[in-house]
Amino acid sequence: MLSLKVDETGDLVFAGGELQLVSGPEEIAQSCRMAVGTNKGEWFLDLDFGIDFSRIMGKSVTEDDVRDELTEGMFQEPRIQTVDSVDVIFDRAARTFTADIKATSVNGDIITVEGVETVVG
């Protein structure tokens, strides 16, 4: 599949005045990053798209809570066959977490989504 390329902030990527495209494992990773970075109900064209941020915010949130919600988000991409690892690092002082996710696509490509960062609350 071919998609418009976006950067880590979600902005379209231009080079030499031209929109850039992305395909293959990088495009699948970009699609997954969109799913885990969108609050469920936020995108008006698909209210079920994304993850439920309320389940990963608050003082009592655990690594398992974050891991489960991010895994659910990854599986919203139909080309993901397995989520192989979700490594979560909490920074309780800054009230954030950072996660790195590794998955395998249905055609066997390794998909990596690194640096997913969210405010815990």
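Read-outs throughout are calculated quantities, based only on the coordinates presented, and are distinct from any laboratory measurement. Remember, it's a predicted structure, so these values are computed and weren't measured experimentally. Don't worry about glycine lacking a Cβ; one is built from the backbone with ideal geometry, like all the others, and counts go over all protein chains shown.
Under the definition of Cα pairs under 8 Å and six or more residues apart, what whole-number percent is the relative contact order of region 42-85?
Value for region 42-85: 30 percent.
At 222 nm, what value in deg cm²/dmol follows for the chain if DSSP H runs of at least 4 each add -39500 (n - 2.57) and the sum is divided by all its residues, to the nearest 500?
Computed mean residue ellipticity for the chain: -6500 deg cm²/dmol.
Run through region 1-82 and list the GluC sites (Glu not before Pro) located in a DSSP loop whose Cβ has at most 13 other Cβ atoms within 10 Å. If you can, show how the numbers build up before the last one.
Working: sites: Glu8, Glu18, Glu26, Glu27, Glu42, Glu63, Glu69, Glu72; in loops: Glu8, Glu42.
Those that pass, being in a loop and sparsely packed, are Glu8, Glu42.
If you put +1 on each Lys and Arg Cβ and -1 on each Asp and Glu Cβ, how big is the dipole of the chain around its Cα centre, in Debye rounded to 20? Write out the running numbers ahead of the final one.
Working: 10 positive and 24 negative charges, 39 e Å.
For the chain, the charge dipole is close to 180 debye.
Let me have the relative contact order for the chain, percent, based on Cα pairs under 8 Å that are six or more residues apart.
Result for the chain is 19 percent.
When the chain is modelled as a GNM with alpha-carbon springs shorter than 10 Å, which of Gly17, Gly73, Gly41 fluctuates the most?
Gly17
Which one, Val119, Ala99, Ile51, projects farthest toward the positive side of the charge dipole computed for region 24-119 from Cβ point charges (K/R +1, D/E -1)?
Checked the options; the winner is Val119.
When the chain is modelled as a GNM with alpha-carbon springs shorter than 10 Å, which of Arg67, Arg92, Arg33 fluctuates the most?
Arg92
Loop only by DSSP, 10 or fewer other Cβ within 10 Å of the Cβ. Give me the chymotrypsin sites (Phe, Trp or Tyr not before Pro) in region 13-121 that pass, ordered by residue number.
Within region 13-121, the qualifying chymotrypsin sites (Phe, Trp or Tyr not before Pro) (loop, at most 10 other Cβ atoms within 10 Å) are Phe44.
Using a Gaussian network model on the chain with a 10 Å cutoff between Cα atoms, which of Lys59, Lys40, Lys102 fluctuates the most?
Sorting by GNM fluctuation, first place goes to Lys59.
What is the helix-to-structure angle for 63-74, meaning the angle in degrees between its Cα long axis and the longest Cα principal axis of the chain, kept from 0 to 90 and rounded to the nearest 10?
20 degrees
Using the Karplus curve 6.51 cos²θ - 1.76 cosθ + 1.60 with θ = phi - 60°, work out ³J(HN,Hα) for each residue of region 24-36 in order, rounded to whole Hz, and write x for Gly and Pro.
x, x, 5, 5, 5, 4, 4, 4, 5, 4, 4, 5, 7
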